[in-house]
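To keep things clear, I will list the structure first and then write my remarks on it.
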Amino acid sequence: NAGVTQTPKFRILKIGQSMTLQCTQDMNHNYMYWYRQDPGMGLKLIYYSVGAGITDKGEVPNGYNVSRSTTEDFPLRLELAAPSQTSVYFCASKDRDIGANVLTFGAGSRLTVL
Amino acid sequence: GENVEQHPSTLSVQEGDSAVIKCTYSDSASNYFPWYKQELGKRPQLIIDIRSNVGEKKDQRIAVTLNKTAKHFSLHITETQPEDSAVYFCAASTGSGYSTLTFGKGTMLLVSP
């Protein structure tokens, strides 16, 4: 049981380039989330999904896109990278059960845009 | 939407001392309040949580208290140890399956031997 797996762990992009951060979970969790973490700013929600085929914007969605074609995978797409997107990105998931609110986080992906 | 304020941003204590981190929230509908610990370079991990029908919860050296009237909750760590050094995040949500967590900005706790 690997939990939540993110790739890549590190990436350097040039301004204007595009890339996809991959996230997959093997816990059969319905809910998945993408957060970004900037120093001193906590965790900000980018996008989330409550099940395959359903996605919704979080607090800071501009410049990002997501898709959820399967229960397991929730990739985050950056179309035109900007220096403001330099951050650490965390994918997380949780069970649908109403009593199970615990988020399981991936190890994070550190992205630098130069 | 929900807004969570967390204080202090940094906290330095001596080993064995107690540490208290405080959070306030804005949405009176919030009823689930977890605390996550993030060690340097690692992922956040849940350490304790509390629901609004409970005023206090303890787990060994850590405890969380909740004051719904004042809309604030606190994390208490007793007998701190160097391995408690980390960033601690509070969060709030309405607790339903569809709800999302709103996090505070974090507190860096440094425990000196």
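The values are calculated or read from the model by the stated rules, or taken from the named source; none is laboratory data. Quick caveat: nothing in here was measured; it's all calculated off a predicted structure. Here Cβ is always computed from backbone atoms with ideal geometry, including for glycine, and neighbour counts include all displayed protein chains. Areas reflect the complete protein model, heavy atoms only, side chains present, ligands, DNA and RNA absent. Shrake-Rupley method; radii C 1.70, N 1.55, O 1.52, S 1.80 Å.
How many of the residues in segment A:1-44 are acidic (Asp, Glu) and closer than 16 Å to residue A:81 by Cβ? Counting residues in segment A:1-44 that are acidic (Asp, Glu) and closer than 16 Å to residue A:81 by Cβ gives 1. Condition first: part of a strand (DSSP E or B) and open to solvent by less than 10 Å² (accessible area, probe 1.4 Å). Now tell me which residues in segment B:75-85 satisfy that. Hits for segment B:75-85 are B:75, B:77. Checked against (1) open to solvent by less than 40 Å² (accessible area, probe 1.4 Å); (2) in contact (Cβ under 8 Å) with a residue 12 or more places away in the chain; (3) in contact with a Gly (Cβ under 9 Å, 6 or more places away or on another chain), residue A:69 meets all criteria but (1). Per this entry, residue A:10 is counted among residues that are more than 9 Å from chain B (Cβ to nearest Cβ) and either exposed (fewer than 15 other Cβ atoms within 10 Å of the Cβ) or touching a residue at least 40 places away in the same chain (Cβ under 8 Å) (or both).
Name the residues in segment B:41-87 that are within 11 Å of chain A (Cβ to nearest Cβ) and not β-branched (Val, Ile, Thr), would you? Once the filter is applied, which keeps residues that are within 11 Å of chain A (Cβ to nearest Cβ) and not β-branched (Val, Ile, Thr), segment B:41-87 yields B:41, B:42, B:43, B:44, B:45, B:46, B:49, B:51.
Selection of first residues in segment A:32-50 that are more than 13 Å from residue A:75 (Cβ to Cβ) and without any contact (Cβ under 8 Å) to a residue 24 or more places away in the chain and of second residues that are assigned to a strand (DSSP E or B) and of a type in the set (A, V, I, L, M, F, W, C), restricted to Cβ pairs under 6 Å at least 6 apart or on distinct chains, gives the following pairs, ordered by first then second residue: A:42/B:103. Filtered by the rule that a residue be open to solvent by 20 Å² or more (accessible area, probe 1.4 Å), at pLDDT 95 or above and more than 14 Å from chain A (Cβ to nearest Cβ), segment B:88-113 gives B:110, B:112.
Residue check: residue A:104 meets all listed conditions (1) over 13 Å from the mean Cα position of the chain (by Cα); (2) of a type in the set (S, T, N, Q); (3) at pLDDT below 95 but one, namely (1).
Kindly indicate whether any position in segment A:61-79 is under 23 Å from residue B:89 (Cα atoms) and within 14 Å of chain B (Cβ to nearest Cβ). Yes, the conditions are met somewhere in segment A:61-79.
Here is the figure for segment A:62-106: residues that are within 26 Å of residue B:98 (Cβ to Cβ), part of a loop (DSSP other than H, G, I, E, B) and in contact with a strand residue (DSSP E or B) (Cβ under 6 Å, 6 or more places away or on another chain) total 8.
Being at pLDDT 95 or above and closer than 24 Å to residue B:5 by Cα, is that true of even one residue in segment A:4-13? No, segment A:4-13 has no match at all.
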